[in-house]
Amino acid sequence: MRIVLLTLLSALLASSLFAANTTEQSKLSSDMRTMLSAMVDIQRAGYYLNKAGVKEGADRLIKSLDSLLTTDPTSYLPDDKVNAGKFAKKREQMLKLYAQELILAVENEDTDEAMSNYTLIINECTSCHSRIRTRAWK
C-alpha cells in the first residue's frame, strides 16, 4: 500500500511540474506570436508613414519581451543549447533599446533612423532564432 501511495504521489508531483513547464512554454509562445504581430504592424505602419501605428507596435513589442527574462530556458531548450538562454536575455535588452530608439526616431520624424532601428530589431530577432532553433533553411 505504501508503494502505491508513493507512486501516486510521485506521479502527481511529476504531472504538476510538467504542467508548470507547459504553462511557461505556452506564455512564451503567446508572447512570441505577439512580438511577430507587433513587428508586422510596425512594418505596415511604416509603409504608410503612420507614426501612431509604429509607436503602438513598438510599445507592444516592448511589453511582450518580459517572458524572455522570466522563462526558464531549460524548460524548452535541448541540453546542448541551454546556455543560449543567456544569449536570449541579451537579445531582450537590445530589442528593448532598439524599440525605444525607434519610438524616438518616429517622434523626431527621422525616417532613416527609424528604418535603421527597425532593421536592427529584425537582426536581433533573426540572430536569436537562428541560434536557438535547430531548423535551418536548406
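The values are calculated or read from the model by the stated rules, or taken from the named source; none is laboratory data. None of these values were measured; they are calculated from a predicted model. Neighbour counts run over all protein chains shown; Cβ positions are idealised from the backbone, glycine included. Surface areas here come from the heavy atoms of the whole protein model, side chains and all, with no ligands, DNA or RNA. Shrake-Rupley method; radii C 1.70, N 1.55, O 1.52, S 1.80 Å.
One residue is enough: does the range 22-38 have a residue meeting the conditions at pLDDT 90 or above, in contact with a Phe, Trp or Tyr (Cβ under 9 Å, 6 or more places away or on another chain), open to solvent by less than 70 Å² (accessible area, probe 1.4 Å) and part of a helix (DSSP H, G or I)? Looking through the range 22-38, none of the residues is at pLDDT 90 or above, in contact with a Phe, Trp or Tyr (Cβ under 9 Å, 6 or more places away or on another chain), open to solvent by less than 70 Å² (accessible area, probe 1.4 Å) and part of a helix (DSSP H, G or I).
Please determine whether any residue of the range 72-81 is at pLDDT 80 or above and open to solvent by 30 Å² or more (accessible area, probe 1.4 Å).
Filtering the range 72-81 down to residues at pLDDT 80 or above leaves none.
For the range 72-81, residues at pLDDT 80 or above and open to solvent by 30 Å² or more (accessible area, probe 1.4 Å): absent.
Kindly indicate whether Ala58 is modelled with pLDDT under 75, out of contact with any Asp or Glu (no Cβ under 6 Å at 6 or more places or on another chain), of a type outside the set (Lys, Arg) and surrounded by 12 or more Cβ atoms within 10 Å (Cβ to Cβ). No.
Total residues in the range 108-125 satisfying the condition of being in a helix (DSSP H, G or I) and open to solvent by 80 Å² or more (accessible area, probe 1.4 Å): the figure is 3.
From Ala84, Ala105, Ala88, Ala52, which residue is modelled with pLDDT of 95 or more, open to solvent by less than 30 Å² (accessible area, probe 1.4 Å) and of a type in the set (Gly, Ala, Ser)?
Values: Ala84 fails: modelled with pLDDT of 95 or more; Ala88 fails: modelled with pLDDT of 95 or more; Ala52 fails: open to solvent by less than 30 Å² (accessible area, probe 1.4 Å).
Of the residues listed, the single one that is modelled with pLDDT of 95 or more, open to solvent by less than 30 Å² (accessible area, probe 1.4 Å) and of a type in the set (Gly, Ala, Ser) is Ala105.
Of the set (1) buried (at least 17 other Cβ atoms within 10 Å of the Cβ); (2) modelled with pLDDT under 95; (3) small (Gly, Ala, Ser), all apply to Ala136 but (1).
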